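To start, the structure under review is shown below, and the notes come after it.
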Amino acid sequence: MNRDYTALELDKILEKLSKFVASEDGKAEIALLSPESDLNTVQALLNQTTDAHMLMARFGAPSFGGLKNINNALARANAGSVLSMRELLDVAEVLRSIRGIVQWRSKNEGVRCSVDVYFDALTPNKYLEDKITSAIVSEDEMSDNASPALYDIRRKIRAASSKIRDRLDKMIRSSQYQKALREAIVTMRNGRYVVPVKIEHRSEISGLVHDTSSSGATVFIEPAGVVEANNEIKVLQGKEQEEIDRILYELSAEAGSFYEGIKASYECAVELDVIFAKAKLAYDMKAMTPILNDSGKIILNKARHPLIDPKKVVPTDIRLGTDFDTLIITGPNTGGKTVSIKTLGLFSLMAMCGLMIPAGDRSEISVFDNVFADIGDEQSIEQSLSTFSSHMTNIVRIIGSADEHSLVLIDELGAGTDPVEGAALATAILERIHEKGAKIAATTHYAELKVYALETPGVENGCCEFDVSSLKPTYRLLIGVPGRSNAFAISSRLGIEESVIERAKQLVSSDNASFEDVIETLEKSRPHFEKKRDEAEKIRLEATKAKAEAQKYKDSIEDLRKKELEKAQEQATRIVEQAKRSAYALVNELEELKKESAKAKDKAEAARRARQLMKKSMGEFDDITNPVTAALSDDENYVVPTNLKIGDEVILADIGKTATVTALENKKGEVEVLAGIIKMRTPKENLRLSKNKQREKKKQMPKKAQHEFKVAGADKTECDLRGMNVEEGIMELERHLDRCMRLGLTEISVIHGKGTGVLRRGIQDYLRKCKFVKSFRLGTFGEGESGVTIVTLK
């Protein structure tokens, strides 16, 4: 592995990752895992890990047990070789594992994600899996049911063996051979049934000697009576092996025919194994997906180094490449300086490998072409390199390779040599790498580098906080504040005499002392300003929350207003429809009375009944069409003008709507007005005269305009097409529909007459295709029947 990656301990992260992988090929792939430098590639890898993490959270993880590399065996089978039973069982095991992965995904296939490209490429083969597992019991045993021929051969072997055992059992139980036998048992030697005979009685039992005991006192003889039967078993066993070889050849050929498909599925399963291992590692580290960029910007919130004990690690905030591209971290030893720069580098490498990072929300990571690290003591006795020389060898390599797409991390820059020369050399090295545009994070103890950071644009100081009272570091990284060595304070706390401390302070240069005093002042004032900053942030968050709640309340009010408006419109529509139905019913009843009056002898009585019905029905009609309750305005002193005229523009006090007077006051003191498309009656006291009276506008209109006004208002719900042909009728209907749509009407009547029906059919064919028409029907009794078409508009 790259020496820089090893210095940042990427190899240890990959070692942790490999523990979550089930397949050996997956472990090998992780061992070769290397950071990518292309932003799109890294984003794709991170998306796969994130999606696997999401699937595990919702449905658990799939099992990758049983994945083995069987590519070599399948390639040989494809070339015509015969696989062993162990190899065929491995093929079946891989197929079972692939089938299990596919079944797991099928249970949650409603959630599509980036890893589906691998799931979709998996091809289960239950046919071959079942064929192998039903034929092979273990790596040493073929099932009797592997083929009918094998079953028949083994049945014959068992029958022949049973006969031999029966004959030998009779022999060993016979009193004739009791003295000659060592034991009354039947055993086997070289695959043939034999009995143990004492050496001195071997001549008493005729047969073939197959073996002798180690003492020589017993010989194992195959009696002559069972030689032929044993020979028969040997022949059957030969046939059995031939049948097994044939079955293995057949299974191998079948497995080889699926070589390409199984190989592709296996490789996809290994990729999924690696991807889900990354997701499992993310769960183990409580990691998140960072926001990626390639501009060199790194923002880590609550970052936790993954190799430190989770119970002891201190989350820290680190940033680089935002308003500065070089960070110089100072402070005492064991304060966390090295861990800070290692965290920067390791998190970058992890993200570039497609791994999630253990950090807080809104963390950002940049993708670099190169990540260079000079960390740790790399002195070499074999190469005669001191600590300083080994560091400088590394620095030479870094200076030669670094560019604007590089991240450079240097620990204890300039250490290991004369402090004056080391500080000057460290400053010059930082300047050169800074000029190349690389992003740099370096640790040091040199005060000169603190001054360099203060004076140089794009370079920022940082320090690891140290609690002098407890002599323990807090491991918090503070950006913008140079660190103090705290050597005097630590020495004093450890028991060094005050006189020695004072003498040491006198030996420090005045410039250094002043600089340390400034830092000390900053350290003392920092908690106060941090507290103020936290308070301001708290206020900002509260204001943001209050703004969000206010917006939510505003949106809810707007939704309520829209719903109420829709409800009112629906209610108005229902009222209009009810009024129409009542009007149609009135007309029908009048028609019925008209027919009855023609037959009635007392026409005066019929007329009286008609007037009575008319009066009653008109009263009901008025009630329906007047949905507004008479409610007085708060201004009870307002006096309605007595000289109201038709056409006056008025305001309905109870609902605040503008309306036009269409009929003057009746006996009940109610005035008929038109509000939008709704005509209603309301008490005169409910009216407020508008300043812009319609009658004054009409006086200013020329006669022609007044005529056009009347025409536009008259019969606007009816379109009379009688006497026109189809083309003329459609043109006139188009103009009328356009006018009605602009007026907001929802229903019109088209009068085409009965006649031959040609005009009616032409008009209705047009209405079927018209985009403004919701539906249409022929008129009912009282509407004109088949001579009128009633059209409902959208």
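The values are calculated or read from the model by the stated rules, or taken from the named source; none is laboratory data. Because the structure is a prediction, the values reported are computed rather than measured. Neighbour counts run over all protein chains shown; Cβ positions are idealised from the backbone, glycine included. Ligands, DNA and RNA are stripped out before the accessible areas are found, and what is left, the full protein with its side chains, is counted by its heavy atoms. Shrake-Rupley method; radii C 1.70, N 1.55, O 1.52, S 1.80 Å.
Here are a few things to note about the model shown:
- R0 of 41 Å, Cβ-Cβ distance Val451-Lys545: FRET efficiency to nearest 0.05: 0.40
- 3J(HN,Hα) along the range 215-223, derived from phi through the Karplus expression 6.51 cos²θ - 1.76 cosθ + 1.60 where θ = phi - 60°, amounts to 7, x, 8, 10, 10, 9, 10, 8, x Hz, with x in place of Gly and Pro.
- Close amide H pairs (under 5 Å, H built 1.01 Å from N) link Glu36 with Cys353, residues at least 5 positions away or on another chain.
- Phi-based couplings in Hz for the range 400-414 (Karplus 6.51, -1.76, 1.60; Gly and Pro marked x): x, 10, 5, 8, 5, 9, 10, 10, 10, 10, 10, 9, 6, 4, x
- Among residues other than Glu271 with Cβ under 12 Å from its Cβ, the summed charge is -3 (Lys and Arg +1, Asp and Glu -1).
- Sequentially through the range 777-794, phi angles give Karplus couplings (6.51, -1.76, 1.60; θ = phi - 60°) of 8, 6, x, 9, 4, x, 9, x, 6, 6, x, 9, 10, 8, 10, 9, 8, 6 Hz, Gly and Pro residues having no value and appearing as x.
- Rounded, prolate or oblate (a/c below 1.5 giving rounded, otherwise prolate when a/b exceeds b/c) for the range 192-317 by Cα gyration tensor: oblate
- Measuring with a 1.4 angstrom probe and ignoring ligands and nucleic acids, Arg681 comes out at about 50 Å² accessible.
- Ordering of 42-50, 269-277, 72-80 by burial proxy (mean other Cβ atoms within 10 Å per residue, highest first): 269-277, 42-50, 72-80
- Taking amide H as placed 1.01 Å from N in the peptide plane, the amide H of Thr780 sits under 5 Å from that of Glu785, each at least 5 places away or on another chain.
- The alpha carbon centroids of the range 231-254 and the range 303-371 are separated by 65 Å.
- Prolate/oblate/rounded call for the range 296-368, Cα gyration tensor, a/c under 1.5 rounded: oblate
- Glu364 long-range amide H proximity, modeled H, under 5 Å: Ile291, Ile299, Leu300, Asn301
- Working from Cα pairs under 8 Å separated by at least six residues, relative contact order for the range 63-180 is 23 percent.
- Between Tyr249 and Thr187, the FRET efficiency estimated from the beta carbon spacing at R0 = 45 angstrom works out to 0.85.
- Restraint check, Lys297/Lys439; Lys337/Lys439; Lys163/Lys198; Lys337/Lys436, Cα-Cα greater than 19 Å: Lys163/Lys198; Lys337/Lys436
- For the range 746-794, the gyration tensor built on C-alpha atoms gives an oblate shape. Its axis ratio a/c (a ≥ b ≥ c) is at least 1.5, and a/b is not larger than b/c.
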